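Written out below as structure tokens is the structure these notes cover.
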Amino acid sequence: LVHDARSFSQEHRTGTYTNYLILAERPMMHVLVQKELREAVFNGAGLVFGGAHDKRNLWVEHALGLTVVGRHPWAESVDMQASSISDAVSLPLQVDDLVFGAFLDGASQIGTYNLVGDDLLSQWFWLDQGSFSLTDLFNFKRRAVTTYNYGKGKSVYFGFDVLMEASQPGADEGFGNMLKAALSFVNPQALLLEQTKTVPLNIKLANRRGATSGRVVLNLPDGGYPVVSEPFVQNGTDWVWDFIIDEQETLSERIYIQLPDSALEAVISVDIATDPNGQLLQQIPADITLQVSGLSSIEETLTALDQLAWDYWYRLGYRDAYHKLEWAKSAMESGDWITAQSLLIVTTNLLMFDDESDVQSVRQMVDEHVRQVGMQLNAQ
């Protein structure tokens, strides 16, 4: 949980996140970070975006599948249709605030504003006919909630301050439930077992006998480490959790582990011991084996992009993208990470408007380098 753009950049560039929830209205993220976030979503991350201040984070809009075109004060309530994040329900807006209006560019509208004066506005729909269509001029003010599939990732957009609505005294629980459901909706359904990616590890202890204390010992593969370790603490090469558990009690903890930076068979060992009489009694251990796949090298990505430039020879921007990636490679080799990241983002800019599967695949290869270089920037 962060409260300013700089802290967000630092956390994002750890390369460990698979979901993002952006509810801040006033902080402006650096343009490069906005585009890094866009590419993270395209490469499989989830994004939930809410607020109604202005367009200062406009470069994220590509990942939302829409374009914000202004704000207005006329929304009274939100009608939600049955979807992955809500039942069919109408929710009143309690906060007297401006909301976004937006044109859709691929996103699906699942929530609609009811506006002040709707009964009068309906009298003008007779103008919506022939080649001069006013439909979107009426409708862009109504787009309250949308969902979008972007590359391998998903996003949800709230065009109003959903957090403020959810936190109002006596607020309808529907807004809070929608936020939680939105995070579940955008969460990647499959774990990416690739080098340096982060995976969750759930540990559940169920005590069927008398109250006792005990210890869980976690042994990670070389190069792996817990990004979020509590309640575990490091003890040499192991990570240890000392617990106390009552009779018939269940304890559950989740930690996040960053996988090694090389392709290998990674084994996570979990040893559990109870301490009924001051002496640890070993319980049944468990080993979790993960096949960690490698990522494409910059040379492999260059080869794939070169082939793309030949296959689509009439798209001159692809050859330009190839040269930008070559320069990014040189910058990476010299340790000039900010130049490398800028060039990598330019490369994705030149690929982002075409939807052929082979083009998207190469773009996602570049996205992995964006993540890796971001981690290098974070380490400086």
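So the check is Cβ under 9 Å with 6+ separation or different chains; which pairs have a first residue in the stretch 342-356 that's under 12 Å from PHE42 (Cβ atoms) and a second one that's part of a helix (DSSP H, G or I) and among the aromatic types (Phe, Trp, Tyr)?
Within 9 Å, the pairs are THR348/PHE42; LEU351/TYR318; MET352/PHE42.
Out of LEU205, LEU179, LEU201, report the one residue that is in contact with a strand residue (DSSP E or B) (Cβ under 8 Å, 6 or more places away or on another chain), closer than 30 Å to GLY111 by Cβ and either surrounded by 13 or more Cβ atoms within 10 Å (Cβ to Cβ) or in contact (Cβ under 8 Å) with a residue 24 or more places away in the chain (or both).
Numbers: LEU205 fails: closer than 30 Å to GLY111 by Cβ; LEU201 fails: closer than 30 Å to GLY111 by Cβ.
So the residue among LEU205, LEU179, LEU201 that is in contact with a strand residue (DSSP E or B) (Cβ under 8 Å, 6 or more places away or on another chain), closer than 30 Å to GLY111 by Cβ and either surrounded by 13 or more Cβ atoms within 10 Å (Cβ to Cβ) or in contact (Cβ under 8 Å) with a residue 24 or more places away in the chain (or both) is LEU179.
Looking for something at pLDDT below 95 and touching an Asp or Glu at 6+ places or on another chain (Cβ under 7 Å) - is there at least one such residue anywhere in the stretch 335-354?
No: zero hits.
With the requirement that a residue be assigned to a helix (DSSP H, G or I) and of a type in the set (Gly, Ala, Ser), what does the stretch 284-309 give you? So that I can check it myself, show each step before the final result.
Step one: filter the stretch 284-309 for residues assigned to a helix (DSSP H, G or I), giving 298-309.
Across the stretch 284-309, the qualifying residues are ALA304, ALA309.
Test GLY223 against the stated conditions and say whether it is in contact with a Pro (Cβ under 7 Å, 6 or more places away or on another chain), modelled with pLDDT under 90 and either closer than 25 Å to GLN291 by Cα or surrounded by 14 or more Cβ atoms within 10 Å (Cβ to Cβ) (or both).
Values: in contact with a Pro (Cβ under 7 Å, 6 or more places away or on another chain): yes; modelled with pLDDT under 90: yes; either closer than 25 Å to GLN291 by Cα or surrounded by 14 or more Cβ atoms within 10 Å (Cβ to Cβ) (or both): yes.
Criteria met by GLY223.
For residues that are over 25 Å from LEU201 (Cβ atoms) and of a type in the set (S, T, N, Q), scanning just the stretch 1-19, find the one that is surrounded by the fewest Cβ atoms within 10 Å (Cβ to Cβ).
SER7
List every residue pair whose Cβ atoms sit under 6 Å apart, with the two residues 6 or more apart in sequence or on different chains, where the first one lies in the stretch 284-305 and is within 20 Å of LEU350 (Cα to Cα) and the second, anywhere, is among the hydroxyl-bearing types (Ser, Thr, Tyr) and surrounded by 13 or more Cβ atoms within 10 Å (Cβ to Cβ).
Short answer, once both residue conditions are applied: LEU305/TYR322.
State all residues of the stretch 33-64 that are among the aromatic types (Phe, Trp, Tyr) and at pLDDT 95 or above; if no residue qualifies, say none. Talk me through it step by step, then tell me what you get.
From the stretch 33-64, those among the aromatic types (Phe, Trp, Tyr) are 42, 49, 59; that's our starting set.
The answer is PHE42, and nothing else.
Name the residues in the stretch 20-36 that are crowded, with 17+ Cβ neighbours inside 10 Å, free of Cβ contacts under 8 Å to residues at least 40 places away in the same chain and touching a helix residue (DSSP H, G or I) at 6+ places or on another chain (Cβ under 6 Å), would you?
MET29, VAL33, GLN34
Of (1) touching a residue at least 40 places away in the same chain (Cβ under 8 Å); (2) surrounded by fewer than 19 Cβ atoms within 10 Å (Cβ to Cβ), ALA45 satisfies all except one. Which?
So ALA45 meets the others, but not (2).
May I ask you to verify whether VAL240 is at pLDDT 90 or above and either touching a Cys at 6+ places or on another chain (Cβ under 9 Å) or surrounded by 15 or more Cβ atoms within 10 Å (Cβ to Cβ) (or both)? Don't jump to the end; show me each part of the working.
Working: at pLDDT 90 or above: yes; either touching a Cys at 6+ places or on another chain (Cβ under 9 Å) or surrounded by 15 or more Cβ atoms within 10 Å (Cβ to Cβ) (or both): yes.
In short, yes.
Name, by its number, the condition in (1) of a type outside the set (A, V, I, L, M, F, W, C); (2) without any contact (Cβ under 8 Å) to a residue 40 or more places away in the chain; (3) in contact with a strand residue (DSSP E or B) (Cβ under 9 Å, 6 or more places away or on another chain) that does not hold for SER84.
Answer for SER84: the failing condition is (2).
Has the stretch 32-42 got at least one residue that is of a type in the set (A, V, I, L, M), within 16 Å of the chain's Cα centre (by Cα) and part of a loop (DSSP other than H, G, I, E, B)? Even if it seems obvious, please write down each step before you answer.
Narrowing the stretch 32-42 to residues of a type in the set (A, V, I, L, M): 32-33, 37, 40-41.
Checking which are within 16 Å of the chain's Cα centre (by Cα) leaves us with 33, 37, 40-41.
So of that shortlist, the ones also part of a loop (DSSP other than H, G, I, E, B) come out as none.
No, that holds for no residue.
The values are calculated or read from the model by the stated rules, or taken from the named source; none is laboratory data. Given the structure is predicted, the values throughout are model-derived calculations rather than measurements. Glycine also receives a Cβ, built like all others from the backbone with ideal geometry; neighbour counts cover every protein chain displayed.
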